[in-house]
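Inspection log for the structure reproduced underneath, given as structure tokens.
Just so it is clear, none of the values below were taken in a lab; they were calculated from the coordinates. Model, not experiment: these values are computed from the prediction. Heads up, the Cβs are rebuilt from the backbone with ideal geometry, glycines too, and the neighbour counts pull from every protein chain shown.
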Amino acid sequence: MRISRTAGFVVSSVVCGALVFGSAGGAIAAPVPASPAAEVSAAEDPLPDAAKLTSQVKLLRNIDSVLTPVTDLLDAVIASGGKLSPEELAKHMKAIEDALKDLPKAPGTALEVPAGPAPALPPVVTPRADAGQDLKVKAVADLRAKVGVLVKAAETGDATKVKEAVAATITATLNVIVSIVVGGGLPAPNLAGLPPLPKVPGADVPKAPGAAELPKAPGSAV
């Protein structure tokens, strides 16, 4: 089949145009990389109160880090009928200890006394006790003790002791969570209808910005 000269000219023109605009279109559609100056500018502009917000996120993460390994142990003990192998218990204990090591512990109070004569020193001022921190320390120690009792009960498989130890561990875990929430560092909740959190003497629990006084639950004590 023959193609007329005019038709051939039109076809060749269309093909050439498609090639030209196709390559140009690819160049136009290609993304333009962000300039290094813009990236540096964004990195050098920190978020206001970033340190405070980071510490609050860390407290929330502490709650999750404790909940996950403890509930894994509780689930495993309940699902197995109250008895786990030493290998399984050791695995759960390690996970729990790894989680608890990031939570507050009782600080050492001993001071090192330098040898030999020393110049007169000003009176030592005892720092004010942090009630919120002390509460967290006690809660963590209690949880560690309750988990130890649960592990011993799960080794023997005594159903009665396991049941009591599971209930005690659940309560101890809740104590840790509440001690983190009311122990200072987190903003006060501001959802209408929630009862006010208990105040720990000496703990710094800031009020949520712009939050009005929370209404008391119906029937609650004044």
Given Lys58/Lys105; Lys101/Lys136; Lys94/Lys152; Lys58/Lys199; Lys136/Lys161; Lys52/Lys94, the pairs whose alpha carbons are separated by over 24 Å: Lys136/Lys161; Lys52/Lys94
Table column - 3J(HN,Hα) (Hz), region 72-88, Karplus curve with 6.51, -1.76, 1.60, x for Gly and Pro: 4, 5, 4, 4, 5, 5, 5, 5, 8, x, x, 9, 10, 6, x, 5, 5
Inter-site label distance for Lys138 and Thr160 at 7 Å from Cα along Cβ, in nm: 3.1 nm
Residue-span extension gain [Lys199 to Thr71] - 0.36 nm each, minus C-alpha spacing: 43.3 nm
Computed lengthening from Val149 to Glu97, 0.36 nm per intervening residue step minus Cα-Cα distance: 17.3 nm
Between region 141-203 and region 48-62, the Cα center-to-center distance that results, in Å: 22 Å
Extension gain from Thr54 to Ile177, taking 0.36 nm per residue of separation minus the Cα-Cα distance: 42.4 nm
